[in-house]
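The values are calculated or read from the model by the stated rules, or taken from the named source; none is laboratory data. Every value quoted in this text rests on a predicted model; they were computed, and no experiment measured them. Reconstructed Cβ throughout: ideal geometry from the backbone, glycine too, with neighbour counts over all protein chains shown. Ligands, DNA and RNA are excluded from the accessible area calculation, which covers all protein heavy atoms including side chains. Shrake-Rupley method; radii C 1.70, N 1.55, O 1.52, S 1.80 Å.
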Amino acid sequence: MSTYNTVGKIQLEPADPVAELEELRDIAAADPVTYVMAKVDNRKGEVLANMYSILVYDAAGKEYELKNAHEIVDEWRSSTGEDLPAETYNQFIEVGNEHMKEAMPGAVKEFVMVGEFVDFPKEFVKVMVNANGGMDPVPAVPMSHKELMLSSRPDITFDF
């Protein structure tokens, strides 16, 4: 829950591959990725909400970064070079733009998050989220710890 009344839920397990993204990944000849879904509930929100990144840490301290699909699509498009046919280039732009849309106040939106790895941990010790551009990531905590978290850092918490 953010100070702007936005709440979220992150499903921290690999999701099914997203066909439109997999097609672009194949075109870019990019390595396999992991998809994770993050739902932002902005029905009581006061400002636009997004999900830019999720950082997950395992017990050994290894960081797993999941980025919003629009950022990954842009990286894949850039990696293909300048010789893309116009139709393919436009496909990258259209899919990227679709994943760039924010959750308007009053809306619920599910964001596709992409990790450039396939070895996502089954257990983790810390989760951070960057739900507001230009800000540092903040802790995500289970809703069972929400009151404790809000009393010490009232800016944002996300359930996982």
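Please state the shape class of region 40-117: rounded when a/c is under 1.5, otherwise prolate if a/b exceeds b/c and oblate if not, all from the C-alpha gyration tensor. Kindly include the intermediate steps, with their values, before the conclusion.
On the way: a/c = 3.89, a/b = 1.20, b/c = 3.23.
Oblate is the answer for region 40-117, as a/c is 1.5 or above yet b/c matches or exceeds a/b.
With Cβ to Cβ distances under 14 Å as the rule, what net charge do the other residues near Asp74 carry (K, R +1; D, E -1)?
Numbers: positive: Arg25, Lys67, Arg77; negative: Glu71, Glu75, Glu94, Glu98, Glu116.
Spelling it out: positives minus negatives among the neighbours equals -2.
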Karplus couplings for region 41-55 from phi (6.51 cos²θ - 1.76 cosθ + 1.60, θ = phi - 60°), rounded to Hz, Gly and Pro as x? 9, 10, 4, 9, x, 10, 9, 4, 10, 9, 9, 7, 7, 10, 10
Among Ala86, Phe111, Pro32, whose Cα sits farthest toward the positive end of the charge dipole of region 30-112 (+1 at Cβ of Lys/Arg, -1 at Cβ of Asp/Glu, about the Cα centre)? Phe111
Under 20 Å from the 7 Å Cα→Cβ point of Asn90, by amide nitrogen: which residues of region 8-46? 20-21, 23-25, 27-28
Could you order the peptides 92-98, 7-13 from most to least packed, using the average number of other C-beta atoms within 10 Å per residue? 7-13, 92-98
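Put Ile27, Ile54 in order of accessible area, largest first, 1.4 Å probe: what do you get? Write down the numbers at each step before the final one.
Values: Ile27 70, Ile54 0 Å².
Per-residue accessible area, sorted high to low, gives Ile27, Ile54.
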